[in-house]
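Participant: One structure coming up, written as structure tokens, with questions to follow.
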Amino acid sequence: MVKIKTGLGLDSHRFNEDPSVEKSLILGGMEFESELSLKGNSDADVVLHAITDAISSITGNTIIGAKADELCQKGITDSREYLKLALSDLGDATISHVAIALECQQPKIDPLVEPMRTSIAELLGIAFTDVGITATSGEALSDVGRGLGIHCTAIVTVVA
Ligand SMILES: [Zn+2]
């Protein structure tokens, strides 16, 4: 019998307020040209962290947290490495779809959707059409909605 499982992951990062911090804005494994960057010990890729957590909620093996911190301390700050670890726990299960919802005032997500879909599809070994990304401004209702950072929700569906 085919078994379908869904994993849910959330993550948020604040923007760096110190203009002297030279850090790139990395979302979904893509580096975007921007004045903005996110705070974090790693590359602070809020999208890949949410996807990694969604996969962990299927496998039961949490990567974002102690394991990622440990890797950070060894100098591994590329979130694609954390995602790879979570993917290696999936075994025979195959990812059939990934849904991503972003909340932020800035940057404008629309122009980033296509490159992010391409990057995420490649990282997960799935089709571009199996990655969906939507975004909302948050209407100034929360700190994220007031422009202090980016929040990401990810749902990963797998067939086992
Ligand atoms: Zn994170």
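Participant: If R₀ is 35 angstrom, what is the calculated FRET efficiency for the pair LYS39 and MET1, using the beta carbon separation as r and rounding to 0.05?
Facilitator: For LYS39 and MET1, the calculated efficiency is 0.20.
Participant: Along the charge dipole of the chain, which of LEU8, SER42, THR118 sits closest to the positive end, that is, farthest toward it, with unit charges on the beta carbon of Lys, Arg, Asp and Glu (+1, +1, -1, -1)?
Facilitator: Among LEU8, SER42, THR118, the one farthest towards the positive end of the dipole of the chain is LEU8.
Participant: In whole angstrom, how long is each semi-axis of the equivalent ellipsoid of region 17-104, when you take the square root of 5 times every eigenvalue of its Cα gyration tensor and sort them from largest down?
Facilitator: 25, 16, 10
Participant: Counting Lys and Arg as +1 and Asp and Glu as -1, each charge on the Cβ, what is the dipole of region 1-137 about the Cα centre in debye, to the nearest 20?
Facilitator: Taking the Cα centre of region 1-137 as origin, the dipole is about 440 debye.
Participant: Ok, one more. For region 49-160, rounded, prolate or oblate, judged on the Cα gyration tensor with a ≥ b ≥ c (square roots of eigenvalues), a/c < 1.5 rounded, else prolate if a/b > b/c?
Facilitator: Details: a/c = 1.91, a/b = 1.31, b/c = 1.46.
Since a/c reaches 1.5 but b/c is at least a/b, the shape of region 49-160 is classed as oblate.
Participant: Which links in LYS5/LYS84; LYS39/LYS108; LYS84/LYS108 stretch past 25 Å when you go from one Cα to the other?
Facilitator: Too far apart for the 25 Å limit: LYS84/LYS108.
Participant: Take every Cα pair under 8 Å in the chain that's 6+ residues apart, average their separations, divide by the length, and report that relative contact order as a whole percent.
Facilitator: Once normalised by length, the contact order is 34 percent.
Participant: Sort ILE133, ILE26 so the one with the fewest other Cβ atoms within 10 Å of its own Cβ comes first.
Facilitator: Numbers: ILE133 22, ILE26 25.
Fewest-to-most Cβ neighbours within 10 Å comes out as ILE133, ILE26.
Participant: Test of understanding: in a Gaussian network model of the chain with alpha carbons linked when under 10 Å, which of LYS74, LYS84, LYS39 would top the mean-square fluctuation ranking?
Facilitator: Its mean-square fluctuation being the largest, the pick is LYS74.
Participant: A further question follows. Which ³J(HN,Hα) values, rounded to whole Hz and listed in residue order, are derived for region 11-22 from phi using the Karplus coefficients 6.51, -1.76 and 1.60 in 6.51 cos²θ - 1.76 cosθ + 1.60 with θ = phi - 60°, glycine and proline given as x?
Facilitator: 7, 9, 9, 7, 6, 5, 8, 7, x, 7, 6, 9
Participant: Could the peptides 2-13, 116-127 be put in order, highest first, of the mean number of other beta-carbon atoms found within 10 Å of their residues?
Facilitator: 116-127, 2-13
Participant: Sticking with this one: What order do you get for CYS152, CYS72, CYS104 when you list them from fewest to most C-beta neighbours inside 10 Å? Before the final figure, lay out the partial values.
Facilitator: Values: CYS152 27, CYS72 15, CYS104 24.
Ordered from fewest to most neighbouring Cβ atoms within 10 Å, CYS152, CYS72, CYS104 come out as CYS72, CYS104, CYS152.
Just so you know, all these numbers are worked out from the coordinates, no wet-lab data involved. These numbers were taken from a predicted model, which means no experiment stands behind them. Every residue, glycine among them, receives a Cβ derived from its backbone with ideal geometry; neighbour counts consider all protein chains shown.
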